[in-house]
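Enquirer: Mind having a look at this structure? Questions to follow.
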Amino acid sequence: MKLNSDLEEIRSQFPILERVLPNGKKLIYLDNAATSQKPECVINAMSDFYSRYNSNVHRAVHSLSGEATEAFELARENVAKWFGLPDEGKVIFTSGTTHALNLCAFGWARVNLKPGDAIVLTEMEHHSNIVPWQMIAEEKNLELRWVDVNQETFELDFEDYKSKIIGAKLACIIHTSNVLGTRNPVEIMVEMAHNAGAKIILDCAQAAAHERLDMDSINADFLAVTSHKMCGPTGVGALLISSDVFEEMEPVEGGGDMILEVFKEYSTYQENEHKFEAGTPRIAEAIGWSAAIKWMETLDIEEMHRHTLKLAKNASDGLKRIPGITVYGDHSKEDVSGVVSFLHETLHAEDIARLLDSMGIAVRTGHHCAQPLMRRLGVKATNRASFYFYNTLKESEAFVNAIKMIVEKFA
Ligand code: PMP
């Protein structure tokens, strides 16, 4: 299936896109950076699990548990393949990106960093890639170094990164911004981190939805990814790990499934991914994510992304022509995602979002879990429309027209 051959066919896979809201308006869903919609095959895969082979994994010899275990471990394999993990790489299932970043902080940094060691962050980070590092920095007495964002270009100050990475032990970098859409030059940043002797983790929550990430070629030590922004269910994501750092990690949570043996005095642990997945794992969710991946494999991701960018650029260009609107992000570039953040000089962002909602258009408003970035941009909040491959040019145009109308009527 190719996007240009049939966008309608793709849309028909998403039952929710036909939704009429309680106010009688047909839904125009432009909040994809918060979470994407799910195609029928994902919903069916999860429903199939619960209706045909629901059972706990790893623990029983009965057939049903065997089926569930097989599907769950196949999901792990599919995730590994999709993200181009090298053979020695590991997929630890988490509840999402936030959990994956926390696992890296408390499972790797806590064990391997010493007082005085430095971690490099950027002003572009999502709170999920800030707060865990603040916690671990406080606990271990570590230094946090912040890389500036250029307010004109909406890019990281690369010279600043170049100098701050020297002597650091870890870099925690957002791959693609959930506010600006900026895609950071992560390949070079990984190389520079490694040259400086630092490990690097990339927050790929947004990136994984828009491009086929290949861990082998990106060469980062850790990637944090999530299912729910790439057509999969909520409640599952992964910390993807290259082999050598896996050996340096210690479990953060103890319980069933992660142990080899438990004595009164001590316990021994599994040596594979299960060591970091205490308790009953996210079985249905992993199976749903796997179905999303198998479906995405049938699509032309690059073409889908070009389509998304076209819609975002159309919206960004249209918004810039409306008096009083500022757009945060440069959509003339190719390396951006589908997000378009904007603000009107006098209208309150929340009022704009409510008026859009009354027209059936769903966008997000607020600080987008990126308060340091908001401060750098000199704003408290923005409106954010975020496009995905199943959106249409008509929807992008309807959105711009709606803003035009709101500004003409209320500003
Ligand atoms: N990082 C970024 C850049 C994000 O956009 C998000 C989701 N808003 C997260 C982290 C958190 O992801 P999750 O919902 O999977 O925990």
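The values are calculated or read from the model by the stated rules, or taken from the named source; none is laboratory data. Model, not experiment: these values are computed from the prediction. Using ideal geometry, Cβ is built from the backbone for each residue, glycine included, and neighbour counts are taken over all protein chains shown. Ligands, DNA and RNA are stripped out before the accessible areas are found, and what is left, the full protein with its side chains, is counted by its heavy atoms. Shrake-Rupley method; radii C 1.70, N 1.55, O 1.52, S 1.80 Å.
Enquirer: Using beta carbons and a limit of 8 Å, which pairs, at least six apart or on different chains, have the first residue in region 99-114 and basic (Lys, Arg) and the second one surrounded by fewer than 24 Cβ atoms within 10 Å (Cβ to Cβ)?
Expert: Pairs that qualify, where the first residue is basic (Lys, Arg) and the partner is surrounded by fewer than 24 Cβ atoms within 10 Å (Cβ to Cβ), are 110/136; 110/139; 110/140; 110/250; 114/140.
Enquirer: Something else: Which ones in region 152-179 are more than 21 Å from residue 101 (Cα to Cα) and either within 23 Å of the chain's Cα centre (by Cα) or of a type in the set (A, V, I, L, M) (or both)?
Expert: 153, 154, 155, 157, 158, 166
Residue by residue, here is whether (1) in the same structural domain as residue 237 (by the TED database); (2) of a type in the set (Lys, Arg); (3) open to solvent by 10 Å² or more (accessible area, probe 1.4 Å) holds:
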{"residue": "275", "(1), (2), (3)": "yes, yes, yes"}
{"residue": "280", "(1), (2), (3)": "yes, no, yes"}
{"residue": "306", "(1), (2), (3)": "no, yes, yes"}
{"residue": "310", "(1), (2), (3)": "no, yes, yes"}
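Enquirer: Another one. Identify all residues within region 129-139 that are assigned to a helix (DSSP H, G or I) and buried (at least 18 other Cβ atoms within 10 Å of the Cβ); write none if there are none.
Expert: Within region 129-139, 129, 132, 133, 136, 137 qualify.
Enquirer: Output yes when any residue across region 218-228 is on the phi > 0 side of the Ramachandran plot, more than 16 Å from the ligand (Cβ to nearest atom) and within 22 Å of the chain's Cα centre (by Cα), and no when none is.
Expert: yes
Enquirer: Can you confirm whether residue 405 is open to solvent by 10 Å² or more (accessible area, probe 1.4 Å), part of a helix (DSSP H, G or I) and not charged (D, E, K, R)?
Expert: yes
Enquirer: On to the next question. Go through (1) open to solvent by less than 90 Å² (accessible area, probe 1.4 Å); (2) at pLDDT below 95; (3) within 26 Å of the chain's Cα centre (by Cα) one by one and return the number of the condition residue 60 breaks.
Expert: (3)
Results for (1) in a helix (DSSP H, G or I); (2) more than 16 Å from the ligand (Cβ to nearest atom); (3) within 30 Å of residue 201 (Cβ to Cβ), shown as yes or no for each residue.
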position: 8; (1), (2), (3): yes, yes, no
position: 17; (1), (2), (3): yes, yes, no
position: 46; (1), (2), (3): yes, yes, yes
position: 64; (1), (2), (3): yes, yes, no
position: 67; (1), (2), (3): yes, yes, no
position: 85; (1), (2), (3): no, yes, yes
position: 88; (1), (2), (3): no, yes, yes
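Enquirer: Collect the residues in region 91-128 that are part of a helix (DSSP H, G or I) and within 12 Å of the ligand (Cβ to nearest atom), keeping them in residue-number order. Walk me through it before giving the result.
Expert: Here is the first cut: in region 91-128, the ones part of a helix (DSSP H, G or I) are 97-112, 127-128.
If the condition is that a residue be part of a helix (DSSP H, G or I) and within 12 Å of the ligand (Cβ to nearest atom), then 97, 98, 99, 100, 101, 102, 103, 127, 128 are the ones that fit.
So that you can scan it fast, the table gives a plain yes or no per residue for (1) surrounded by fewer than 24 Cβ atoms within 10 Å (Cβ to Cβ); (2) part of a strand (DSSP E or B):
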residue	(1), (2)
146	yes, yes
151	yes, no
160	yes, no
166	yes, no
178	no, no
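Enquirer: Okay, next question. With respect to the numbered conditions (1) at pLDDT below 95; (2) under 12 Å from residue 90 (Cα atoms), which one is the sole condition not fulfilled by residue 257?
Expert: (2)
Enquirer: Checking residue 336 against (1) over 22 Å from the mean Cα position of the chain (by Cα); (2) within 18 Å of residue 209 (Cβ to Cβ), which single condition isn't satisfied?
Expert: (1)
Enquirer: Sticking with this one: So the check is Cβ under 8 Å with 6+ separation or different chains; which pairs have a first residue in region 151-179 that's charged (D, E, K, R) and a second one that's within 16 Å of the ligand (Cβ to nearest atom)?
Expert: The qualifying pairs are 155/149; 155/182; 155/184; 157/147; 157/149; 160/147; 164/147.
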